[in-house]
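Undergrad: First, the structure itself, so that you have it in front of you.
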Amino acid sequence: MSETRQQKILLIDDQPDVHLLVKGRLSDMGAEIVSAYSAQEGLRLVREQSFDLILLDYMLPDCDGLTVCRTLKKDPLSSRVPVIFLTVIADDQTKVAAFDAGAADYVTKPFAYPELRARVRSALRNQQLIAELDHRATTDILTGLANRALFLDRLEQAIQRARRVKGYHYAVLFIDFDRFKLINDSMGHPAGDELLVQIGQRLRATVRGIDSVCFMDASPVPARLAGDEFVLLLDGLCTVSDANLIAERLLVRLAEPFRVQGSDLFCTASIGVATSTQGADSALHVLRDADTAMYEAKLAGRSRAVTFDESMLLRAQHRLRLETDLRQALANNQLQVHYQPIVSLTDAGLHGFEALLRWTHPQHGSISPAEFIPIAEETGMIIPIGEWVLREACRQFVQWQRDFPLRCPVSVAVNLSRNQLMLPDLAERVQTIIRETNINPGALHLEVTESAVMKDIAFARNALAQLQKLGVTLCMDDFGTGYSSLSCLHEFPFKVLKIDRSFVANLTRGRDFCALVQTIVTLAGNLGMTVVAEGVETNDQVATLQAMDCQYGQGYLFGRPAAPADLAFTKNETPRPGLNNAA
Ligand code: C2E
Ligand code: MG
Ligand code: MG
């Protein structure tokens, strides 16, 4: 840590006048001297506090000094603290025994004070040098905060203390900055570095001096760590619930803007909390628990603090297993594309299909995309998987056009994830697939969720413009869930607006919802967009949507997503999915 703190000496001696004299004679050396009058009291203080030097009486009433010294040297909390024996016996045998027990030095009583001062000064100076060397080896150069090695060491000490000292509590806060990567990518690394330094300073200023703040530089533990994560050790808490109060305070402080290169940057945080009451047995486990809780905080919607519990670990392990299995899924033919009809609400005609990915896991059976798509996105696997879906859907559509020239619908829609949208060569990749499969670009609809667009509007606008040049049709998916305002719709080249199913589900529940959906449909119409209502399940919803002039619908009423072989239109079935016969 970068702070220079006052050095601390522990004096263990049963004679009060020794304490008085030593304190008096060493008072100008700048070190704090803490008194213990018995071996037991001394050992207790060592467990509770950190010292730079121990002055130890050779003969104590409750235990001999040699045993105390051996105990101190065995304990990781005190093994590196030099011990100077204070002894009236100055024979060679005693001195050898003292050094054998781990003492750094000895001073004979009655003290020759210049000698005592010289030996104490020398021991403290050595300790200071060691601390400086340690500091260099254990400090992150950029932020001046503790690095991972030091943090783990301090955390290990806190775990030891919590085991042995009743009422001692600690907590670890794992802090991840929600938009850091974006800032790094868009403003460059010097700006990112400046932001990290400011974050470090703000964290340091928000906690007490005894707490440790660490910058997780290129940590090898979970693959997710991206060099923008901080951990905090809250040492010696009165109660573990204080950790939550501190986490909330940090969220408030961190939500204030950072001034970087002349701009105000907002960089909210997700915080995972693990405390001493959860009984993890090693520093790495505590860190893992706090990281797991941080991940849950992100899942729960970011900008929040979440405290670890065991069920999170089970979920994280399940996720990790799925992640490992998902890596094999594409190669092992466990992925399939299903298709869900999109129909005209005016004449019930089949208008198009949306391609929806399915994973048949060898042990767990069918796994919902809601569960595995986020994993694929987080690990980057969505890039090859998404590309496979796109190629497969285009190939299938062209085959349908060949096999069912009269019945084949006019379009096939494929979902693009935000990670795909961020690919600098996305348009070329899509173009290659269009060329390979020979699909008419106008028939290919690409769906992008509103939230993916809103995450980085400038980037999305550019990516969408590139795609538009290919002649594909762009659709805004799940509209209404991503906090974009209707007024910015015209800024993007979307031709289709898909109203999220949560709006459709609420249509029959109140006038306000109807009015809102009506506004969306009207505005989209004014902007020349067609509207698809998602999640249509009842005929009442159809009637309401028809009254609003909403052109298209998609939902279980018209057909669930199904494998190509199970789709009604490929079986020459009549009537087609209709408006008045629920599926
Ligand atoms: P989405 O793109 O909004 O797809 C529509 C989702 O709503 C599908 O869920 C569909 O099965 C479901 N749905 C359709 N009609 C109804 C209905 O009447 N009632 C209800 N309750 N649900 C209905 P699914 O297949 O579970 O997919 C969930 C999400 O996963 C998709 O939402 C999409 O965001 C994502 N996803 C699926 N396949 C892919 C893919 O190939 N690539 C990417 N990037 N994302 C995909
Ligand atoms: Mg979709
Ligand atoms: Mg949708």
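The values are calculated or read from the model by the stated rules, or taken from the named source; none is laboratory data. All values reported here derive from a predicted model rather than from experimental measurement. Counting neighbours? That spans all protein chains shown, and the Cβs are built from the backbone with ideal geometry, glycine included. These accessible areas exclude ligands, DNA and RNA; they are computed on the full protein's heavy atoms, side chains included. Shrake-Rupley method; radii C 1.70, N 1.55, O 1.52, S 1.80 Å.
Undergrad: Which residue pairs have Cβ atoms under 7 Å apart, sit 6 or more places apart or on different chains, and have a first residue in region 468-493 that is more than 14 Å from LEU421 (Cβ to Cβ) and a second that is open to solvent by 40 Å² or more (accessible area, probe 1.4 Å) and modelled with pLDDT under 85?
TA: Listed by first residue and then by second, the contacts come to THR481/SER451; TYR483/MET454; SER484/MET454.
Undergrad: Let me ask another. Based on this model, can you work out whether ILE385 counts as assigned by TED's automatic domain parsing to the domain that holds ASP566, within 10 Å of ligand 1 (Cβ to nearest atom) and at pLDDT 95 or above?
TA: Considered against the rule, which asks whether it is assigned by TED's automatic domain parsing to the domain that holds ASP566, within 10 Å of ligand 1 (Cβ to nearest atom) and at pLDDT 95 or above, ILE385 comes out as yes.
Undergrad: A further question on this structure: If only one of LEU516, LEU507 is away from ligand 2 (no atom under 16 Å from the Cβ), aliphatic (A, V, I, L, M) and open to solvent by less than 20 Å² (accessible area, probe 1.4 Å), which one is it?
TA: LEU507
Undergrad: Criterion first (within 12 Å of ligand 1 (Cβ to nearest atom), of a type outside the set (D, E, K, R) and under 27 Å from VAL414 (Cβ atoms)) does VAL536 satisfy it? Write out each step before concluding.
TA: Details: within 12 Å of ligand 1 (Cβ to nearest atom): yes; of a type outside the set (D, E, K, R): yes; under 27 Å from VAL414 (Cβ atoms): yes.
Here the answer is yes, as VAL536 does meet what is asked.
Undergrad: Quick check on region 340-375: of everything there that is part of a strand (DSSP E or B) and within 12 Å of ligand 2 (Cβ to nearest atom), which residue is farthest from LEU557 (Cα to Cα)?
TA: It comes out as LEU357.
Undergrad: Determine if region 108-115 includes at least one residue that is at negative phi and buried (at least 19 other Cβ atoms within 10 Å of the Cβ).
TA: So far as region 108-115 goes, no, none of its residues is at negative phi and buried (at least 19 other Cβ atoms within 10 Å of the Cβ).
Undergrad: In addition: Residues in region 376-396: is at least one in a helix (DSSP H, G or I), farther than 16 Å from PRO564 by Cα, free of Cβ contacts under 8 Å to residues at least 40 places away in the same chain and β-branched (Val, Ile, Thr)?
TA: Checked against the condition, which is being in a helix (DSSP H, G or I), farther than 16 Å from PRO564 by Cα, free of Cβ contacts under 8 Å to residues at least 40 places away in the same chain and β-branched (Val, Ile, Thr), region 376-396 yields at least one hit.
Undergrad: I'm trying to understand the selection: among the residues of region 334-370, which are away from ligand 1 (no atom under 11 Å from the Cβ), in contact with a helix residue (DSSP H, G or I) (Cβ under 7 Å, 6 or more places away or on another chain) and under 20 Å from ALA413 (Cβ atoms)?
TA: LEU345, LEU350
Undergrad: If you don't mind, there's one more thing I want to ask. Within region 12-30, is there a residue that is buried (at least 18 other Cβ atoms within 10 Å of the Cβ), touching a strand residue (DSSP E or B) at 6+ places or on another chain (Cβ under 7 Å), under 27 Å from ALA137 (Cβ atoms) and not basic (Lys, Arg)?
TA: no
Undergrad: Please pick out the residue among ALA98, ALA149 that is within 24 Å of LEU26 (Cα to Cα) and open to solvent by less than 70 Å² (accessible area, probe 1.4 Å).
TA: Matching residue, one of ALA98, ALA149: ALA98.
Undergrad: Another question, then. Is it the case that region 82-97 has a residue that's under 28 Å from TYR168 (Cβ atoms), assigned by TED's automatic domain parsing to the domain that holds LEU129 and not in a strand (DSSP E or B)?
TA: yes
Undergrad: While we're on this one: Out of all the residues in region 60-81, which are loosely packed, with under 15 Cβ neighbours inside 10 Å, within 12 Å of ASP14 (Cα to Cα) and not charged (D, E, K, R)?
TA: PRO61
Undergrad: List, please: which pairs have Cβ atoms under 6 Å, are six or more places apart or on different chains, and start with a residue in region 283-296 that is not assigned by TED's automatic domain parsing to the domain that holds GLU156 and end with one that is surrounded by fewer than 24 Cβ atoms within 10 Å (Cβ to Cβ) and assigned to a helix (DSSP H, G or I)?
TA: Sorted first by the residue in region 283-296, then by its partner, the list stays empty.
Undergrad: Identify, by number, the condition in (1) among the hydrophobic types (A, V, I, L, M, F, W, C); (2) at pLDDT 90 or above; (3) open to solvent by 40 Å² or more (accessible area, probe 1.4 Å) that LEU299 doesn't meet.
TA: Just one mismatch for LEU299, condition (2).
Undergrad: Still on this model: For region 62-72, indicate whether the set of residues that are in a helix (DSSP H, G or I), charged (D, E, K, R) and within 29 Å of ALA274 (Cβ to Cβ) is non-empty.
TA: no
Undergrad: Which members of region 433-453 meet the condition of being of a type outside the set (S, T, N, Q) and away from ligand 2 (no atom under 16 Å from the Cβ)?
TA: Correct list: ILE433, ILE434, ARG435, GLU436, ILE439, PRO441, GLY442, ALA443.
Undergrad: Name the single residue, out of those in region 455-485 being within 16 Å of ligand 2 (Cβ to nearest atom) and surrounded by fewer than 17 Cβ atoms within 10 Å (Cβ to Cβ), that is modelled with the highest pLDDT.
TA: Step by step, filter region 455-485, then rank; the result is THR481.
Undergrad: Another one. VAL430 - would you say it is hydrophobic (A, V, I, L, M, F, W, C) and away from ligand 1 (no atom under 14 Å from the Cβ)?
TA: The answer is no for VAL430.
Undergrad: Based on this model, can you work out whether GLU534 counts as assigned by TED's automatic domain parsing to the domain that holds GLN420, buried (at least 21 other Cβ atoms within 10 Å of the Cβ) and touching a residue at least 24 places away in the same chain (Cβ under 8 Å)?
TA: yes
Undergrad: Another question, then. Restricting to region 313-369, count the residues that are of a type in the set (Ser, Thr, Tyr) and crowded, with 20+ Cβ neighbours inside 10 Å.
TA: 1
Undergrad: Here's another thing I want to ask about it. Here is a check on your reading of the model: is TYR556 open to solvent by 70 Å² or more (accessible area, probe 1.4 Å), modelled with pLDDT of 85 or more and within 15 Å of ligand 1 (Cβ to nearest atom)?
TA: Yes; evaluated as a whole, the condition is true for this residue.
Undergrad: Okay, moving on. Return yes or no: is VAL430 modelled with pLDDT of 95 or more, over 27 Å from the mean Cα position of the chain (by Cα), open to solvent by 20 Å² or more (accessible area, probe 1.4 Å) and more than 16 Å from ligand 2 (Cβ to nearest atom)?
TA: No, not satisfied.
Undergrad: I'd like to check something: does region 357-369 contain any residue that is at pLDDT 95 or above and of a type in the set (A, V, I, L, M)?
TA: Yes, there is a match, as at least one residue in region 357-369 is at pLDDT 95 or above and of a type in the set (A, V, I, L, M).
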